[in-house]
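The values are calculated or read from the model by the stated rules, or taken from the named source; none is laboratory data. Note that the structure is a prediction, hence the values are computed from the model and not measured. Neighbour counts are summed over all protein chains in view; Cβ atoms, including those assigned to glycine, are modelled from backbone coordinates with ideal geometry. Quick note on the areas: whole protein, heavy atoms, side chains included, nothing else; ligands and nucleic acids left out. Shrake-Rupley method; radii C 1.70, N 1.55, O 1.52, S 1.80 Å.
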Amino acid sequence: MAEKKLWGGRFKESTNKLVEEFTESVSYDKRLAPYDVAGSVAHVKMLEKQGILTKEESDKIIEGLNRILREVEEGRFNWKKELEDVHMNIESRLTQEIGEVGGKLHTGRSRNDQVATDLRLYVRKEVKELLELLKGLRRAFLKQAQENLGVIMPGYTHLQIAQPVLYSHHMLAYYQMFKRDAERFEESLKRINVSPLGSAALAGTSYPLDREFTAKLLGFSSVSRNSMDAVSDRDFVAETIFNCAMVMMHLSRLSEELILWSTNEFDFIELPDAFCTGSSIMPQKKNPDVSELTRGKTGRVYGDLIAILTTLKGLPLTYNRDLQEDKEPLFDAIDTTKAALKVNTLIVEGMKPKRERMREQAGKGFSLATDLADYLAKKGLPFRKAHEVVGKLVAYCLDKGKDLTELSLKEFKEFSPLFEEDVLSLMSLEGSVNSRDVIGGTSLRRVKEEIERIKREEGFSGGQDDKV
Ligand code: ARG
């Protein structure tokens with residue numbers, strides 16, 4: 001006779017040790033304990049309201065559960081692998097604490113709707129934290145943009161110098177990415193925040209449960225409409241990991257740029273010392289390890305996404321034990337993304353653009369060539385033709401070892417009679433940047449406008465936020 005197991009009734013032999021090791025999840029799902037207790041407390045309150053438990057019974061169970069939660073929080077709880085998971089560890093401890101009546105907790109409930117409930121409560125809480133962290137990161141980008149207004153740097157395509165842009169404009173590009181990431185998390189909440197409790201094992205239950213009541217107690221905004229779907233749906237897990245993967249992808253792009261920018265070759269940025277590490281052999285080194293690790297950890301979160309999608313693929317309805325494999329990738333993706341957001345926010349807050357160096361590079365690579373082509377086109381030359389004329393000018397400069405800014409009016413005129421005196425003043429970085437005065441463009445006016453719009457929209461102004 002299998003002893004101790006909550007489901008041991010029909011078993012004659014006890015579980016093989018290796019099987020216990022193989023099937024346990026308590027080593028990692030114990031982090032769901034606070035949500036498990038919250039779900040149980042709500043369930044018990046409802047059972048009492050429905051006359052399924054007496055007030056005395058429900059008080060006793062709730063008090064016991066709260067005592068257990070304190071044990072967990074204070075690290076006094078003795079987790080047992082042979083009790084499989086967080087749910088059975090807590091339930092078995094409850095019966096130990098309060099006796100037989102503890103066994104009434106599981107009335108009208110299954111671990112299948114229980115674990116789905118716990119997981120949704122957990123994800124909801126974590127998504128809210130992720131949203132806060134994303135907001136902090138966006139604030140850091142806005143601060144960089146605001147504090148360095150007017151700094152000009154090269155803008156790149158194909159990692160070749162393309163056109164001069166404001167450093168602030170570059171910073172606000174990242175603002176936009178993390179804004180969309182936050183929107184995705186925000187929108188996912190309506191699918192996460194649905195109560196599966198009351199779906200029981202798969203088909204619902206014969207007890208007269210008030211599902212709306214437990215949903216309300218737990219702060220869910222709706223109840224699931226199909227018990228079979230509710231116990232087996234992990235879309236919200238996959239969606240959350242995807243949203244984490246997207247954040248990491250964006251962080252990896254930032255990381256790559258910071259790594260490049262802090263090389264001798266670019267030399268665009270000073271990263272805060274506290275976020276770099278040295279070399280054990282080369283005394284001169286200051287390595288951007290945090291950025292490199294962020295880039296590296298992105299791969300691991302993508303792995304989490306592939307893991308959950310693969311686990312879910314082809315699963316028949318309803319609950320299958322495969323679903324226990326949802327937790328590790330989920331926890332890993334969330335932990336990794338949160339850590340990456342925290343540390344990268346501090347980097348963005350602390351990094352210092354090297355203004356002169358950026359400016360110097362902004363004029364290289366004939367970055368004003370498009371401005372010249374536009375100049376000719378505005379004088380009536382078809383743009384394709386203008387493109388060709390300026391192409392020839394660039395070739396001439398390369399030949400003579402000159403820059404476009406060093407050409408005389410006479411030289412310009414040799415390539416087109418349309419060039420006049422005003423072309424010489426056009427050849428400035430400020431002129432080029434400020435001419436891009438469309439919505440979303442890099443002109444100082446538009447970037448300033450954008451900063452103000454963001455501050456209003458985010459509520460980043462007033463009081464302490466004024467410093468943004
Ligand atoms: N530890 C399990 C999981 O995470 C809980 C649900 C177990 N349900 C079951 N019918 N064996 O999925």
Within the stretch 56-215, what whole-number % of the accessible surface is contributed by carbon and sulfur, with the 1.4 Å probe and all protein chains included in the calculation?
47
Would you pull out the residues with amide H under 5 Å of A162's amide H, same chain only if 5 or more places away, H placed 1.01 Å from N?
G155, Y156, T157
Heavy-atom accessible surface of the stretch 320-468: percent carbon and sulfur, 1.4 Å:
54
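For the stretch 33-88, state which trypsin sites (Lys or Arg not before Pro) are in a DSSP loop and have at most 10 other beta carbons lying within 10 Å of their beta carbon. Before the final figure, lay out the partial values.
Values: sites: K45, K49, K55, K60, R67, R70, R76, K80, K81; in loops: R76, K80.
Listed in order of number, the matching sites are R76.
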Solvent accessible area, Å² - W261, 1.4 Å probe, full protein context:
10
Label points 7 Å out from Cα along the Cβ direction at T263 and V438: separation in nm?
3.2
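If you roll a 1.4 Å probe over the heavy atoms of the protein chains, what accessible area per residue do you get for the chain, in Å²? Can you show the working numbers first?
Working: 23010 Å² over 468 residues.
I get 49 Å² per residue for this part.
Give, in nm to one decimal, the length gained when the segment between E132 and S14 is fully stretched (0.36 nm per residue of separation minus the Cα-Cα distance). Before the final figure, lay out the partial values.
Numbers: separation 118, 0.36 × 118 = 42.48 nm, distance 4.75 nm.
Computed gain between E132 and S14 is 37.7 nm.
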Calculate one ³J(HN,Hα) per residue across the stretch 25-32 by plugging θ = phi - 60° into the Karplus curve 6.51 cos²θ - 1.76 cosθ + 1.60, and present them in order as whole Hz with x for glycine and proline.
10, 4, 4, 10, 7, 4, 5, 7
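Over the stretch 18-160, calculate the relative contact order: mean separation of alpha carbon pairs under 8 Å at least 6 apart, over the residue count, as a percent.
Values: 98 pairs, mean separation 43.7, N = 143.
About 31 percent, as a whole number.
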Taking r as the C-beta separation of R355 and T277 and R0 as 30 Å, the FRET efficiency to the nearest 0.05 is 0.70
Can you run phi through the Karplus equation (6.51, -1.76, 1.60; θ = phi - 60°) for the stretch 250-257 and list ³J(HN,Hα) in whole Hz, with x for Gly and Pro?
5, 5, 5, 5, 4, 4, 4, 5
Dipole-positive endmost among T107, Q50, P34 within the stretch 30-124 (Cβ charges, Cα centre):
P34
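DSSP loop trypsin sites (Lys or Arg not before Pro) in the stretch 168-254 with at most 12 other Cβ atoms within 10 Å of their Cβ, which ones? Walk me through the numbers before you get to the answer.
Working: sites: K179, R180, R184, K190, R191, R211, K216, R225, R234, R253; in loops: R225, R234.
Passing sites in the stretch 168-254 are R225.
Contact order normalised by length for the chain, with contacts defined as Cα pairs under 8 Å and 6 or more residues apart; what percent is it?
Values: 637 pairs, mean separation 72.0, N = 468.
Answer for the chain is 15 percent.
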With DSSP loop assignment and no more than 11 other C-beta atoms within 10 Å, the trypsin sites (Lys or Arg not before Pro) in the stretch 322-423 are K364
Whole-Hz ³J(HN,Hα) for each residue in the stretch 341-355, computed from phi via Karplus 6.51 cos²θ - 1.76 cosθ + 1.60 with θ = phi - 60°, x for glycine and proline: what do you get?
5, 4, 6, 6, 4, 5, 5, 5, 5, x, 6, 10, x, 8, 4
The stretch 55-137: relative contact order as a whole-number percent, Cα under 8 Å and 6+ apart
27
